[in-house]
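> Got a structure here, written out as structure tokens. Questions coming.
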């Protein structure tokens, strides 16, 4: 059985939803960020990068959300979560998730994890101030260019959708009104009605 | 024919090498970062994110280096650049490239593009100071955990190799001696001897 190391409020939610959509048999293992469990020797043995998500499979551990999303899609092809055999369409899917990972998520992380990139408290404060502006700018681009609707890639629900839902879910804590981006807001609401998402949220609230 | 929008010194080199390794028919189109051509209306029509690489295909434009690397591998399967039909092995490949993209490249960008995440000159200076320390720490992890040798994934040369070669090529300008990481240094030298890499470097020097 797959084991997903995860923590509420992190990007592990995207993989959690994807596993649920795929009908995978998985176990959720919380990594308590509040007690810095991600830096414990036990967890570093699983993921030396001390991040979540990490997915333990029969063949070993996999990390990095975009890679895990494609892994879930490819491991459960009957769920149809990605255009696996169409290199162009798959690259569009992967490009969208990479943008969320390497640009949007990174921008958001400057609000609360600025210590990664600077030590001076004034520098960290300046990043914290600027982060929501960057995040909003990236969501403007998603709204204008990359959300075909009703799902990210158009008619087909893919691994882009739980990823966007997860990152859009952070807007509120960044002080950004999701309604500034009507297509993103409608997508977020649409996602919230999917049985897999409801099940995952109920599981996390339990 | 594929068109690769690129600029020397950027991550487009990884895709350039992959195209060459794949035996692809492609044209290189320089985007002159020195004159900010990546922000011109012409280029924004190609890639609204104003970054390179962008790859123009018969079906449209693709962006984001990790997505492009997998696209090249999947479009030219005879080149054997990725374990396309093995979800676990492909996820390992993609996780490595995602780490380079979202963690190592991002860390390096704080040295010379700190203005993305802060406005205060003192904050930007503090990021510039810390960036090489972060980059070195990430390369320590690659050295210890993720470079099987002789190639990143072991015996098989994959799309991880040109990506690592590209990012390792930035160590010098970050003031980091590549010899601190003996496996990375040997990999870098090994890459430099591949005919595809020699051809690409000659093309860029011309």
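> Would you check which residues across segment B:28-49 are more than 14 Å from every other protein chain (Cβ to nearest Cβ) and assigned to a loop (DSSP other than H, G, I, E, B) and list them?
B:31, B:32, B:36, B:40
For (1) more than 24 Å from residue A:158 (Cβ to Cβ); (2) buried (at least 20 other Cβ atoms within 10 Å of the Cβ), each residue gets a yes or a no:
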| site | (1), (2) |
| --- | --- |
| A:4 | no, yes |
| A:16 | no, yes |
| A:25 | no, no |
| A:36 | yes, no |
| A:53 | no, yes |
| A:58 | yes, no |
| A:91 | no, yes |
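> Quick check on segment A:126-138. Is at least one of its residues closer than 23 Å to residue A:53 by Cβ, more than 8 Å from every other protein chain (Cβ to nearest Cβ) and at pLDDT 95 or above?
yes
> Does residue A:104 qualify as being more than 22 Å from residue B:128 (Cα to Cα) and under 17 Å from the mean Cα position of the chain (by Cα)?
For residue A:104, the condition - more than 22 Å from residue B:128 (Cα to Cα) and under 17 Å from the mean Cα position of the chain (by Cα) - is not met.
> Follow-up question, since we're still on this one. I'd like the full set of residues that are surrounded by fewer than 16 Cβ atoms within 10 Å (Cβ to Cβ) and within 19 Å of the chain's Cα centre (by Cα), limited to segment B:117-140.
The answer is B:137, B:140.
> Looking at B:68, B:62, which is the one that is in contact with a helix residue (DSSP H, G or I) (Cβ under 6 Å, 6 or more places away or on another chain), assigned to a strand (DSSP E or B) and at the interface with chain A (Cβ under 8 Å from one of its Cβ atoms)?
On inspection, the qualifying residue turns out to be B:62.
> I want to confirm something. Restricting to segment B:174-184 and keeping residues that are in contact (Cβ under 8 Å) with a residue 12 or more places away in the chain and not in a loop (DSSP other than H, G, I, E, B), which single residue is nearest to residue B:71 (Cα to Cα)?
Of everything passing the filter in segment B:174-184, B:184 is nearest to residue B:71 (Cα to Cα).
> Which is more than 7 Å from chain B (Cβ to nearest Cβ), in contact with a strand residue (DSSP E or B) (Cβ under 6 Å, 6 or more places away or on another chain), modelled with pLDDT of 95 or more and part of a loop (DSSP other than H, G, I, E, B), of A:56, A:52?
Criteria check complete, one pass: A:52.
> Pick from A:164, A:171: which is in contact with a helix residue (DSSP H, G or I) (Cβ under 8 Å, 6 or more places away or on another chain) and within 20 Å of residue B:47 (Cβ to Cβ)?
A:164
One line per residue, one yes/no per condition, for (1) more than 9 Å from chain B (Cβ to nearest Cβ); (2) closer than 16 Å to residue A:151 by Cβ; (3) in contact with a strand residue (DSSP E or B) (Cβ under 9 Å, 6 or more places away or on another chain):
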| position | (1), (2), (3) |
| --- | --- |
| A:75 | no, no, yes |
| A:82 | yes, yes, no |
| A:90 | no, yes, no |
| A:93 | no, yes, no |
| A:97 | no, yes, no |
| A:100 | yes, yes, no |
| A:110 | no, no, no |
| A:114 | no, no, no |
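> On to the next question. Cβ-Cβ under 6 Å, sequence separation 6+ or interchain: first residue in segment B:1-26 and assigned to a loop (DSSP other than H, G, I, E, B), partner surrounded by 24 or more Cβ atoms within 10 Å (Cβ to Cβ). Which pairs?
Between residues of segment B:1-26 that are assigned to a loop (DSSP other than H, G, I, E, B) and residues that are surrounded by 24 or more Cβ atoms within 10 Å (Cβ to Cβ), the close pairs are B:7/B:31; B:7/B:52; B:10/B:52; B:11/B:65.
> Also, quick follow-up: Specify which of the listed residues (B:189, B:206, B:196) is over 21 Å from residue B:103 (Cβ atoms) and touching a residue at least 60 places away in the same chain (Cβ under 8 Å).
Answer to the selection: B:196.
The values are calculated or read from the model by the stated rules, or taken from the named source; none is laboratory data. Everything quoted here is computed from the prediction, not taken from an experiment. All Cβ positions, glycine included, derive from the backbone under ideal geometry; neighbour counts span all protein chains shown.
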